[in-house]
Structures are given as structure tokens and as C-alpha cells.
Amino acid sequence: MVALGTLYIISAPSGAGKTSLVKALLAQDNQVRVSVSDTTRDMREGEVSGIDYNFVSMDTFDQQILEDSYLEYADVFTNKYGTSQKWVDAELAKGVDVILEIDWQGAQQVRERVPNAVSIFILPPSQQELRARLQGRGTDEQSVVEHRMENAVGEIEHYPEFDYLIINDQFDTALTELATIFHAQRLSLKQQQVKHRVMLEGLLK
């Protein structure tokens, strides 16, 4: 019997480095996958359906809501985004760890349905550093940066709701801390009892 995978919720304010940390984790850990969300928004140049998002019609998305198919979903401006319950369950059953990159509101929805999900919040070391990172992208008007900063403070207020807190000051240190959480979970009694069932039975004979 294969040990079940663990469902991870990873949240952070924009600019904290969540996406870069998750990408780096995936590059060094082949037992982890990131959930691909359904979305009703149009595909952008360079995106691939099934890899970046599952692009679906509004009618399809609404039908999925009626069928309670989403682990969590959200309305973002005029579009909708959701996490497939069926896909997540299938991956976990294979023993694969699944990451949901979602905001604190989505995290609350998931905790209600999956109380044993492990949640991680990533923070920048200061507001000054967060602002510098947002401005450093060079892709947004100053008004957009200010709006993102306002939203970030509101998101940061929810960090106490999470199981783990990582401060992304030095990237390599933050990555090591993130990987450590995944390794520790795999060494939990529940996981080890399943993985080493035969060995444990032999030790007790």
C-alpha cells in the first residue's frame, strides 16, 4: 500500500516570492505537483491549456459548481478560478503531494473540506522590501504598485491562520525551509506506518 500524498496550501501576498519558491521546490522534488486550476478567462499568449490552466467556458464552470466538483473556487473580477476535487483526490491517492497556490480566502474554503491539509504562508521581510520587489518588476504603473501594496497588507493580516510561516528574505534559506516542511511530513508516524508496514510488522514478531 502506498502512503497517501499530502495536500499543501501555499499562500502569500503578491511579490513575496511564492511562485519562484514553488518552482524551485518542484525542480528538486519529484514527489510534488502543483494543482492546475480551471479558469474561465481567455488563454494568454504563451500559455498552454492543461499546464498553466484548464481553460473552460463559463457554462461549464457553473455546472461544475452545481455538481460540487470544486475543492475551492473564486470570482476574480469577471472571471472564475477553481480547483478540481477529482484531480486532487486522484493525485493524493497515488502518493503524490499536491500544492494549491491560492489566497487566504481559498485556503479557508479548503480547510473546511480538508481539515488535515498543511498550510504555509510566505512573507517578505518588510514592507520596504515588498515594495522594492513590486517596483523591480518594471511592468506596472506606480498606481498599480500602490494598489498591490494595499492588498498585500490585507492579505498579510491572515498569516496566523496558517500552520507554517516562511520569511523569504534570503531565497536559498526560504527554499530549504519550504523543502524541510515537505520532508518532515513524509516522516510523520501516519506516513511511515503505511510506507514501512511490512518492516514494522517484522520488527514486532
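The values are calculated or read from the model by the stated rules, or taken from the named source; none is laboratory data. All values derive from a computational prediction rather than experimental measurement. Positions of Cβ are generated from backbone atoms using ideal geometry, with glycine treated the same way; all protein chains shown enter the neighbour counts.
A count restricted to region 21-46 and to residues that are without any contact (Cβ under 8 Å) to a residue 24 or more places away in the chain, surrounded by 13 or more Cβ atoms within 10 Å (Cβ to Cβ) and over 18 Å from THR83 (Cβ atoms) stands at 0.
Of the residues making up region 142-185, just one is closer than 15 Å to ASP103 by Cα, without any contact (Cβ under 8 Å) to a residue 12 or more places away in the chain and not in a helix (DSSP H, G or I), namely GLU157.
For region 51-73, the criterion of being of a type in the set (Gly, Ala, Ser), assigned to a loop (DSSP other than H, G, I, E, B) and loosely packed, with under 13 Cβ neighbours inside 10 Å is met by at least one residue. Return yes or no: is GLY82 in a loop (DSSP other than H, G, I, E, B), surrounded by 15 or more Cβ atoms within 10 Å (Cβ to Cβ) and out of contact with any Pro (no Cβ under 9 Å at 6 or more places or on another chain)? No, not satisfied. Just so you know, in region 1-33 the residues that are at pLDDT 95 or above and β-branched (Val, Ile, Thr) include one that is nearest to TYR70 (Cα to Cα), and it is ILE9.
Of all the listed residues (LEU134, LEU92, LEU178), the sole one being more than 20 Å from the chain's Cα centre (by Cα) and among the aliphatic types (A, V, I, L, M) is LEU134.
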